[in-house]
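Comments concern the structure below.
The values are calculated or read from the model by the stated rules, or taken from the named source; none is laboratory data. Being a predicted model, the structure only gives us computed values, none of them experimental. No Cβ is skipped: glycine too gets one built from the backbone with ideal geometry, and neighbour counts run over all protein chains shown. The area values use the complete protein model at the heavy-atom level, side chains included, leaving out ligands, DNA and RNA. Shrake-Rupley method; radii C 1.70, N 1.55, O 1.52, S 1.80 Å.
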Amino acid sequence: MSTLTTLLPPHRLDLAGHRRHHGVVPWVAYHDDDGRDRLIDAARAADLRGRGGGGFPTAVKLRAARARRSIVVANGCEGDPLSRKDAALLALSPHLVLDGLQLAAHAIGATEAVLCVHAGSPVLGSVAAALAEREDRVPVRVAEIPRRYVASEESALVHYLTSGDARPLGKQPRPAERGVRGRPTLVDNVDTLAQLALVVLLGPNHYRAARTDLVTVTGAVRAPGVVPVRAGASLSEVLAAAGGETEPVQAVLIGGYGGTWTADLRGTLSGIAAVYALPASACGLDYTAKVLAFLAAESARQCGPCMFGLPAIAADFAELVHGGNATDRLARRIPLLTGRGACAHPDGAARLAASALRTFEADVCAHLAGGRCRVPAGVA
Amino acid sequence: MKLSVDPIGCRAHGLCADLLPERIRLDEWGYPVLASGPVPPGLVADARRAAAACPVLALRMRKS
């Protein structure tokens, strides 16, 4: 079995195909109370980490959510326009996700499971067809989440499933203590759950040795899309996995719209879900200005630094693109965004803005010296 | 003791910065920026008063 194709098959696997390809979860090895511990131990032995962007150890999260009548929530919303790995998984390998969801539910003793996708998502059909083929111990309900960027943030999902309001709730208490309808809740990305299934199906040692991450690669590459890459691959290897560069790449944005720019392609990736390759001909400041405008528009409008800070730095970047000197204002404003919101949305925008100023420092000078440096960039 | 702000509850009234300028300043939009670390013992009483004065009770004092 080639491990690079285990996560993402070329064609959709129905239940029979999934079982032929991956085998059947050995429930008998995990069914008793000790089995729950063994399951969590396997996740720890495999060094499984969350694939939703946080990179938090899955075993620790599972253990924290262990309780009677808990709830497990699979997050398949994927609000970031630069990431499509979760959609690809749910479209091609839905049973791997559902196996992982059942394993997580069993590990924490959950009596309810919810699979969240954005309302009207094209993967709804694949998910419904897969659920109709299975007889799961813990019934899985599909929830359609409003199509907003911050609606799929962990506390926003919990808030929505409890009250119908898809805005982030803030940092306290953790969902593992008090989540959906006040019950202990585990929220995991669908990619993390698929990986948990692989840990059990392959065994932790084999899994660790052959571990691959799904990365959505877009921008100046010949075959943009979701590619499996070995954990710890270099950025150059990741671009090669997506068919290689169509023209010289001046910088890459790592980690989606709230991610970090870097011009150093020798760096390595682990746990990163999205990479955008900026072609040498495009203006990184212009691209960043457009992404910041998007992030400002997608705020839940609850917290001051997000409501006022994001539009302000988006406007500063637009001014910079047009030759205005907003650098002092940005230096003052960007640090004010971090750690002051109910969720990490403003932190992501601050990270993006700060890394753009660092990475495109020469372009900032070019703009200040008289207009544009390169052609404006399109935004996904 | 430590001060914290509920970022969703805060409505930028700004009283906190008036009552406790040693630990709280306002950003350009009127939202509080807290000094990091625990409140020094000499300011605990003032910090409590500032927390109690917040019109939406978004400023809180907690054991650190």
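For chain A, the solvent-accessible area with a 1.4 angstrom probe is 39 square angstrom per residue. Protein heavy-atom accessible surface, 1.4 Å probe, per residue over the stretch B:12-64: 58 Å².
Each Lys and Arg Cβ is given +1 and each Asp and Glu Cβ -1; about its Cα centre, the protein assembly as shown then shows a dipole of about 1000 debye. In the protein assembly as shown, the portion of solvent-accessible area held by carbon and sulfur atoms comes to 54 percent [1.4 Å probe, whole percent, DNA, RNA and ligands not counted].
How tilted is helix A:190-202 with respect to the longest principal axis of chain A? Cα atoms for both, answer in degrees (0 to 90, nearest 10). The answer is roughly 50 degrees. Only Lys, Arg, Asp and Glu carry charge here, each on its Cβ (+1 for the first two, -1 for the last two); on that basis the stretch A:1-105 has a dipole of about 120 debye about its Cα centre. Residues of the stretch A:300-314 buried by at least 50 Å² of accessible area upon assembly of all protein chains, compared with the chain on its own (1.4 Å probe): A:Gln302, A:Phe308. Over the stretch A:1-150, the hull volume per residue, using the convex hull of the C-alpha atoms, is 126 Å³.
Given the stretch A:226-380, what percent of its DSSP beta bridges are antiparallel, to the nearest 5? Here the share of antiparallel DSSP bridges comes out near 90 percent. Once you have the Kirkwood Rh of the stretch A:171-221 from its Cα pairs, apply Stokes-Einstein at 10 °C and 1.306 mPa s and quote D in µm²/s. Calculated translational D: 116 µm²/s. Contact order for chain A, expressed relative to its length and based on alpha carbon pairs under 8 Å spaced 6+ residues apart, stands at 16 percent. Just to confirm the number: angle between the C-alpha axis of helix A:345-359 and the first principal axis of chain A, 0 to 90 degrees, nearest 10? So the helix axis and the longest Cα principal axis differ by about 50 degrees. Shape class of the stretch A:88-175 from the Cα gyration tensor (axes a ≥ b ≥ c, square roots of the eigenvalues): oblate, since a/c reaches 1.5 or more and a/b does not exceed b/c. For the segment B:28-41, counting C-beta atoms of other chains within 10 Å of every residue's C-beta and taking the mean gives 2.
Interface B-A: total buried accessible area of about 1000 Å², 1.4 Å probe, protein heavy atoms only.
Take the Cα atoms of the stretch A:204-337, build their convex hull, and give its volume per residue in Å³.
About 131 Å³ per residue, rounded to a whole number.
With an a/c value of 1.5 or above and a/b not larger than b/c for the gyration tensor axes a ≥ b ≥ c computed over the alpha-carbon atoms, the stretch A:257-299 is described as oblate. Inter-part distance, the stretch A:89-140 to the stretch B:11-64, computed on C-alpha centroids, equals 46 Å. Convex hull volume per residue, computed on the Cα atoms of the protein assembly as shown, equals 147 Å³. Computed over the stretch A:282-354, the alpha-carbon pair-distance distribution with 5 angstrom bins reads 3, 20, 31, 26, 13, 5, 1, each value a whole percent. Projection of the Cα convex hull of the stretch A:78-117, averaged over all directions and equal to a quarter of that hull's surface, yields 3.1 nm². By how many degrees, 0 to 90 and rounded to 10, does the Cα axis of helix A:124-133 deviate from the longest principal axis of chain A? The angle comes out at about 10 degrees. Placing one equal scatterer on every Cα of chain B and applying the Debye formula, the log10 ratio I(q)/I(0) at q = 0.17, 0.28 Å⁻¹ is -0.47, -1.36. Short-range pairs are left out: with C-alpha atoms under 8 Å and at least six residues apart, the relative contact order of the stretch A:132-250 is 12 percent. Label separation (A:Asp33 vs A:Ala223): 5.1 nm, computed from points 7 Å beyond Cα along the C-beta direction. Per-peptide packing, taken as the mean over residues of other Cβ atoms within 10 Å, places A:224-237, B:29-42, A:296-309 in the sequence A:296-309, A:224-237, B:29-42 from highest down.
Between A:Thr327 and A:Glu135, the distance separating the two model label sites (each 7 Å from Cα on the Cα→Cβ line) works out to 6.9 nm.
Accessible area per residue was computed with a 1.4 Å probe on protein heavy atoms; B:Lys2 scores about 90 Å². Dividing the summed -39500 (n - 2.57) terms of all DSSP H runs of n ≥ 4 by the residue count of chain A sets its mean residue ellipticity at 222 nm at -12000 deg cm²/dmol. Taking the DSSP beta bridges with both ends in chain A, the antiparallel portion is around 45 percent.
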